[in-house]
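Written below as structure tokens is the structure these notes are about.
The values are calculated or read from the model by the stated rules, or taken from the named source; none is laboratory data. Everything numeric in this text was worked out from a predicted model, so none of it was measured. In this analysis, Cβ positions are derived from the backbone assuming ideal geometry, glycine residues included, and neighbour counts consider all displayed protein chains. SASA here: full protein model, heavy atoms, side chains in, ligands and nucleic acids out. Shrake-Rupley method; radii C 1.70, N 1.55, O 1.52, S 1.80 Å.
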Amino acid sequence: MGTITTNDLRNGTKLILDGEPCTVVDNQFVRPGKGQAFSKTKVLYLLTGRTVEKTFKSGESIETADVIDTDMDYIYNDGEFWYFMDPNTFEQVQADANAVGDAKNYLIEQDKCQVTLWNGSPIGVTPPNFVILEVTDTDPGLRGDTSGGGSKPATMHTGAVVKVPLFVNIGDKLKVDTRNGEYVSRA
Amino acid sequence: MSNWKPTASIETMKARAKILARVREFFSERNILEVETPLLSRHSVTDRYMKSFEVKDFMRGEGFLQTSPEYAMKRLLAAGSGSIFQICKAFRQDEVGARHNPEFTMLEWYVEGFDHYQLMEQVFQLLNTLSHKPLKLSRLSYQDVFEQYLKINPFKVTVPQLAELSGDLLGDLPEDLESDDYLALLFEDQIEPKLGQANEVCFIYGYPASQAALAKLDPESPQTACRFEVYWRGVELANGFSELTCVAEQRRRFEMDNAWRKENGLPQMSIDEHFLTALEVGLPECAGVALGLDRLIMILLELSDLTEVAAFPADRA
């Protein structure tokens, strides 16, 4: 991949630091005192998920990473890998548990997900913001209680555990926000 | 394209115009003469980390947009102008951020017979005149603030100690930084945001001699320079000196800068001989200060980004 200088840094710029792909989440130009200028950044290491404060000398060149976010259809899981397909080229990629992370709780076959590819291989998966999941296990529902007061845990068919209102029963289909794992409504 | 519109509101533009008028009044009351000097000149500064905009075909040669009006104003002082002030544009390459724009408005002034302590007092009077609320002045030495906020003496701390402390507080840093780089980064991150809160304006003085720029060294403690900076609401507003009047020392600093530039693969800057000749003829004893007017207006109007006080920042210019 190419290189850029600190002048090209923007939020979202993808870099290679310590051999690992990173994304810039904050970038500030400073010229303290009468001395040299710096770019103070916060970078998110995409493989490990850690965020690090990193300062570059102004004008320094930095290696960029071939990281792209692409919309793909989730197709299936074979017990070890999760498979995604590019709907335009029908090309498939396989993502391991590390790349899929918590998204595995929200993956439904045929759903469109955003897959982050580094040099063509998946390193992250973002499910749709809202998914419909079916309850496979929870305490029996309290008939007539639709007030929403109180909650209980419910296990979904994907394995996700969601806090739900007391009236929810096994077999109900629920709309869940994948960004915070919260119950939204009955589907 | 919605980018044709100004980023500052029309209300802000009106407030800005009023502030400029009050600044001019302040200097007129003190018999300090308003002057104008060229924005485009033959020479620029040798400062190690300053990048000037070069202009081709200026008077059959190369020219530069000024990074500050300092040399020209000192030529006026040497020619007998008496105390002077100027409101002008200054230009610095690659400086873009919430508090930087490559083109900005500078208020620079020089008072004959003042030292930097007297000038600090006058900067405070100006800010107090412009502020809606009465302000308090606080004065702290460079050494004081490092001792207070970081428990280190900036004149005694070693580079390995600085590297360790900076690593703990600031995360990953470039290698091969010098002592002044660490001090500047620590100051910017750990001290500056805490200086000059609410209605207090904070003056920092007693900078290390290695950061003297165009300031005299303090004859009583030559490890410090007669230089001050002004902080208000955590923003650096101004930088002032008891001005260096010794031509030999000035030439030596220019040549050291150029030697450093050569070593570090940067272009060497031609030395402004008009300026040095003026120093040779004699710069009257004086103190001078440069104040970022855009930043000051931003604070006075309680805004947080320079684009809110500029009609058209660089990306819309």
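What to note about this one:
- Residue tally, condition buried (at least 22 other Cβ atoms within 10 Å of the Cβ), within 13 Å of chain A (Cβ to nearest Cβ) and of a type outside the set (A, V, I, L, M), over region B:183-213: 3
- Residue that is nearest to the chain's Cα centre (by Cα) [pool: residues in region A:146-180 that are of a type in the set (Gly, Ala, Ser) and open to solvent by 20 Å² or more (accessible area, probe 1.4 Å)]: A:GLY159
- Residues in region A:57-73 that are away from chain B (no Cβ under 14 Å), in contact with a Ser or Thr (Cβ under 9 Å, 6 or more places away or on another chain) and free of Cβ contacts under 8 Å to residues at least 60 places away in the same chain: A:VAL67, A:ILE68, A:ASP69, A:THR70.
- Residues of region B:244-292 classified as aliphatic (A, V, I, L, M) and farther than 26 Å from B:GLU62 by Cβ, total: 7
- Exactly one residue among B:LEU126, B:LEU140, B:LEU150 is open to solvent by less than 30 Å² (accessible area, probe 1.4 Å) and more than 30 Å from B:ALA21 (Cα to Cα), and that residue is B:LEU150.
- Any hit, region B:22-44, residues being open to solvent by less than 30 Å² (accessible area, probe 1.4 Å), modelled with pLDDT under 95 and more than 14 Å from chain A (Cβ to nearest Cβ): yes
- From A:LYS40, A:LYS54, A:LYS34, residue being assigned to a loop (DSSP other than H, G, I, E, B), of a type in the set (Lys, Arg) and either open to solvent by 70 Å² or more (accessible area, probe 1.4 Å) or facing another protein chain (nearest Cβ under 9 Å) (or both): A:LYS34
- Extreme residue, farthest from the other protein chains (Cβ to nearest Cβ), among residues of region B:240-252 that are surrounded by fewer than 22 Cβ atoms within 10 Å (Cβ to Cβ) and in contact (Cβ under 8 Å) with a residue 24 or more places away in the chain: B:VAL247
- Within region B:84-96, the set of residues being on the phi < 0 side of the Ramachandran plot and open to solvent by 20 Å² or more (accessible area, probe 1.4 Å) comprises B:ILE87, B:LYS89, B:PHE91, B:ARG92, B:GLN93, B:VAL96.
- Of all the listed residues (B:SER131, B:SER81), the sole one being surrounded by fewer than 18 Cβ atoms within 10 Å (Cβ to Cβ), among the polar types (S, T, N, Q) and within 30 Å of B:PRO219 (Cβ to Cβ) is B:SER81.
- Some residue of region B:165-182 being more than 25 Å from the chain's Cα centre (by Cα), more than 11 Å from chain A (Cβ to nearest Cβ), open to solvent by less than 50 Å² (accessible area, probe 1.4 Å) and not small (Gly, Ala, Ser): yes
- Top-ranked residue in region A:97-142 [being over 15 Å from A:GLY49 (Cβ atoms) and among the small types (Gly, Ala, Ser); ranked as least open to solvent (accessible area, probe 1.4 Å)]: A:GLY141
- Residues in region B:288-314 that are of a type in the set (Asp, Glu) and either touching a residue at least 40 places away in the same chain (Cβ under 8 Å) or in contact with a helix residue (DSSP H, G or I) (Cβ under 8 Å, 6 or more places away or on another chain) (or both): B:ASP294, B:ASP305, B:GLU308.
- Every residue from region B:214-225 that is in a strand (DSSP E or B) and open to solvent by 10 Å² or more (accessible area, probe 1.4 Å): B:LEU217, B:THR224
- A:LYS104 passes every criterion in (1) over 18 Å from the mean Cα position of the chain (by Cα); (2) under 28 Å from A:LYS173 (Cα atoms); (3) among the basic types (Lys, Arg) apart from (1).
- The selection criterion, being open to solvent by 40 Å² or more (accessible area, probe 1.4 Å), of a type outside the set (Lys, Arg) and at positive phi, does not hold for B:GLY234.
- Residue check for A:GLU80: open to solvent by 70 Å² or more (accessible area, probe 1.4 Å) and modelled with pLDDT under 95: yes
- Count of region A:11-31 residues, restricted to those that are within 11 Å of chain B (Cβ to nearest Cβ) and either within 30 Å of B:ALA212 (Cβ to Cβ) or in a loop (DSSP other than H, G, I, E, B) (or both), is 5.
- Those strands (runs of 3 or more DSSP E) lying entirely in region B:77-141 with at least 1 residues within 14 Å of chain A (Cβ to nearest Cβ) and within 21 Å of B:LEU300 (Cβ to Cβ): B:84-91, B:103-112
- Criterion violated by A:THR48 - all others in (1) under 15 Å from A:ILE4 (Cα atoms); (2) away from every other protein chain (no Cβ under 14 Å) satisfied: (1)
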